[in-house]
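Working notes for the structure below.
The values are calculated or read from the model by the stated rules, or taken from the named source; none is laboratory data. Everything quoted here is computed from the prediction, not taken from an experiment. Don't worry about glycine lacking a Cβ; one is built from the backbone with ideal geometry, like all the others, and counts go over all protein chains shown. Only protein heavy atoms, including side chains, enter the accessible area calculation; ligands, DNA and RNA are left aside. Shrake-Rupley method; radii C 1.70, N 1.55, O 1.52, S 1.80 Å.
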Amino acid sequence: MTKGHFVSMPSSDSLQELPVTAADLAPAGLDRFGELPSPSSDEDPPPMTAATPELTALLNRAFNDKAAREVRTSFTDADGSVLVDEGVSERAPGAAVTWMSDMRRVYTECAAWTMSLGDEEITIEVVDPAGDPAGPLEVERRFGDEALMRTMLAGPAGQRARITTLLVRDGDRALELTFRSVEGDPAGPGAARLAAATSRFLALAPAKFLGLPVA
């Protein structure tokens with residue numbers, strides 16, 4: 001499954017056919033996961049603050065970007081320790097390129113930022129991709145016109161959640177696949193299960209989005 005080897009995308013009427021469904025899970029070795037009745041990420045992100053006003057504007061613009069059309073779905077494993085959100089969107093001509101550029105700038109220029117949840121300020125830190133065991137730089141080379149994958153740690157030391165997001169653009173369409181785990185330590189007891197689930201979803205979701213066979 002290499003960059004550039006994919007078939008033409010279906011018509012816009014079939015956008016809802018591109019995300020993973022419950023029927024896809026067991027054949028992909030993801031039988032521990034089930035689909036949630038409604039997506040977990042429908043709400044707008046809370047306000048975020050970066051090191052400078054310019055980066056704060058970039059951060060909020062990128063994470064609040066609205067697609068012309070979008071289909072979302074969510075999955076969780078049996079004990080609820082891993083949540084997987086998927087969004088497939090269709091944007092106005094050229095808008096997907098701009099959004100991917102903004103997201104790339106966020107991960108390049110914002111090593112950390114804060115997110116406001118009521119009276120609580122949560123710190124988000126971007127993991128250096130060269131040291132990330134998920135191998136984001138290798139994953140990016142597999143898919144679409146362009147792809148971007150990064151891991152973030154959210155919360156104080158000892159209580160951190162781990163959030164890994166893959167973005168794949170194909171023309172004016174984009175895939176957003178996000179893994180959220182309460183297991184922030186890559187060497188912790190749940191890390192191996194998280195890594196296995198991540199690997200299977202990373203094979204399944206982009207392949208279905210791009211019209212490729214699952215590796």
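Looking only at residues in the stretch 31-47 that are among the acidic types (Asp, Glu) and without any contact (Cβ under 8 Å) to a residue 12 or more places away in the chain, the one that is surrounded by the most Cβ atoms within 10 Å (Cβ to Cβ) is Asp31. Residue selection: Ala157 fails the criterion of being in a helix (DSSP H, G or I) and at pLDDT below 80. Filtering the stretch 160-187 to residues that are small (Gly, Ala, Ser) and modelled with pLDDT under 80 leaves Gly184, Ala187. If we scan the stretch 163-181, do we find a residue that is more than 28 Å from Gly211 (Cβ to Cβ) and open to solvent by 20 Å² or more (accessible area, probe 1.4 Å)? There is no residue in the stretch 163-181 that is more than 28 Å from Gly211 (Cβ to Cβ) and open to solvent by 20 Å² or more (accessible area, probe 1.4 Å). Inside the stretch 113-137, residues that are in a strand (DSSP E or B), free of Cβ contacts under 8 Å to residues at least 60 places away in the same chain, over 30 Å from Leu30 (Cα atoms) and open to solvent by 40 Å² or more (accessible area, probe 1.4 Å) make up a count of 3. Considering the stretch 63-107, and only residues there that are assigned to a loop (DSSP other than H, G, I, E, B) and within 20 Å of Ile124 (Cα to Cα), the residue that is least open to solvent (accessible area, probe 1.4 Å) turns out to be Ser81. Given the residues Ala50, Ala57, Ala23, Ala28, which is the only one that is exposed (fewer than 11 other Cβ atoms within 10 Å of the Cβ) and over 20 Å from Ala174 (Cα atoms)? Step by step, each of Ala50, Ala57, Ala23, Ala28 is checked, and only Ala23 is exposed (fewer than 11 other Cβ atoms within 10 Å of the Cβ) and over 20 Å from Ala174 (Cα atoms).
If the condition is being open to solvent by 30 Å² or more (accessible area, probe 1.4 Å) and touching a Lys or Arg at 6+ places or on another chain (Cβ under 7 Å), then the stretch 152-162 contributes only Ala161. Answer yes if at least one residue in the stretch 1-12 is modelled with pLDDT under 90, loosely packed, with under 15 Cβ neighbours inside 10 Å, of a type outside the set (Lys, Arg) and not in a loop (DSSP other than H, G, I, E, B), and no otherwise. Looking through the stretch 1-12, at least one residue is modelled with pLDDT under 90, loosely packed, with under 15 Cβ neighbours inside 10 Å, of a type outside the set (Lys, Arg) and not in a loop (DSSP other than H, G, I, E, B). Scanning the stretch 138-151 for residues that are open to solvent by 10 Å² or more (accessible area, probe 1.4 Å) and either small (Gly, Ala, Ser) or in contact with a strand residue (DSSP E or B) (Cβ under 8 Å, 6 or more places away or on another chain) (or both) turns up Glu140, Arg141, Asp145, Glu146, Arg150.
Consider Arg193 carefully, then state whether it is modelled with pLDDT under 95 and among the charged types (D, E, K, R). Spelling it out, Arg193 is indeed modelled with pLDDT under 95 and among the charged types (D, E, K, R). Applying a threshold of 8 Å to beta carbon distances and a minimum spacing of six or more residues, or different chains, the list of pairs starting in the stretch 16-30 at a residue that is without any contact (Cβ under 8 Å) to a residue 24 or more places away in the chain and ending at one that is open to solvent by less than 70 Å² (accessible area, probe 1.4 Å) and in a helix (DSSP H, G or I) is empty.
Against the list (1) farther than 13 Å from Leu202 by Cβ; (2) modelled with pLDDT of 95 or more, the condition Asp119 fails is (2).
Scanning the stretch 26-40 for residues being under 19 Å from the mean Cα position of the chain (by Cα) and assigned to a loop (DSSP other than H, G, I, E, B) gives a total of 5.
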